[in-house]
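Written out below as structure tokens is the structure these notes cover.
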Amino acid sequence: MTDRMLIGKKEFLFGEHTYIMGILNVTPDSFSDGGSYSTLDSALRQAEKLEKSGCDILDIGGESTRPGYTKLSDDEEIGRVAPVIEAVKARFDLPISLDTYKAKVARAGIQAGADLINDIWGLRYDEGEMASVIARSGVCCCLMHNREIAEYGQLFAEMIEDLKMTLEIARREGIAEDKIILDPGVGFGKTYEHNLQVLAHMKDLCDPEAGGLDYPWLLGASRKSVIGLTLDLPAKEREEGTLVTTVMAVQAGWQFVRVHDAEKNARAVRMTEAIWRCR
């Protein structure tokens, strides 16, 4: 694994710190904060709050990917995210991630100023077009594990094989190794039990000796159904459960967590790292 990564103008050093990716959904129907930041002014206020709260990267999404979501046309999604990316880039000194699996949207987002493409389909939605867009632009990417149907013989081994296919697409199209982050896809193509298993085996996923992949890893478990089902809580009351997953990501040596509440999770990271360093 590379020991550092340049995302936009910011250098991320790996090995001793877990970074915060803050979520900014400019959608009316996201599962946790749908409609909260769908105007430019409200999105900019939230971007400012996230920056002040300890956010290291801002992840902007224009299409909800919750179960039963309504798929947007490329142009509709571009219309939502491009103005926000441009406005945030002009006002804040934060690397910008664009949460999309569509090559046309990614291209427009990069032109607007996105520094990273966060692809929930791990380059497997199209025939390599997304990978080509990322490679030509030179931006970084976060490539997530996903499946249409949550059926596995051996979850861990099959996840790794699926991600190896994603990495082969990246290599074929020319994405540099030091531009890639991996995401296990908590909540995507997995049952409740699968999601718990992923969280329980985070250390193995990034450990080549355990059959894992030696890349920077990002955990996106914030407020997701695995927490809601475990604690029997609605989305906006799942922050304590989210903090537990963040602490576990730090303990597993992961490089990024993607969260809604940057302030609380940044504090959890700092506290865990302070204790962990004493070991």
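On the given criteria, is Val244 crowded, with 20+ Cβ neighbours inside 10 Å and hydrophobic (A, V, I, L, M, F, W, C)?
Taking the combined requirement at face value, the residue does not satisfy it.
Could you please give the count of residues in the range 1-39 that are modelled with pLDDT under 95, hydroxyl-bearing (Ser, Thr, Tyr) and crowded, with 16+ Cβ neighbours inside 10 Å?
Total satisfying the criteria: 6.
Do you know which residues across the range 183-210 are within 17 Å of Lys164 (Cα to Cα) and either part of a loop (DSSP other than H, G, I, E, B) or among the hydroxyl-bearing types (Ser, Thr, Tyr) (or both)?
Those that are within 17 Å of Lys164 (Cα to Cα) and either part of a loop (DSSP other than H, G, I, E, B) or among the hydroxyl-bearing types (Ser, Thr, Tyr) (or both): Pro184, Gly185, Gly189, Cys206, Asp207.
Could you tell me whether any residue of the range 104-118 is modelled with pLDDT of 95 or more, aliphatic (A, V, I, L, M) and in contact with a Pro (Cβ under 7 Å, 6 or more places away or on another chain)?
Yes.
Given the structure, is Asp183 modelled with pLDDT under 95 and within 29 Å of Leu40 (Cα to Cα)?
Here the answer is no, as Asp183 does not meet what is asked.
Taking the range 176-196 as the region of interest, how many residues are among the aliphatic types (A, V, I, L, M), within 18 Å of the chain's Cα centre (by Cα) and within 21 Å of Ala114 (Cβ to Cβ)?
Total satisfying the criteria: 3.
Please go through the range 40-60 and give me each residue that is under 12 Å from Ile20 (Cα atoms) and buried (at least 23 other Cβ atoms within 10 Å of the Cβ), ordered by number.
Of everything in the range 40-60, those that are under 12 Å from Ile20 (Cα atoms) and buried (at least 23 other Cβ atoms within 10 Å of the Cβ) turn out to be Leu50, Cys55, Ile57, Leu58, Asp59.
The values are calculated or read from the model by the stated rules, or taken from the named source; none is laboratory data. Treat the numbers as computed from the prediction; the structure is a model and nothing was measured. Reconstructed Cβ throughout: ideal geometry from the backbone, glycine too, with neighbour counts over all protein chains shown.
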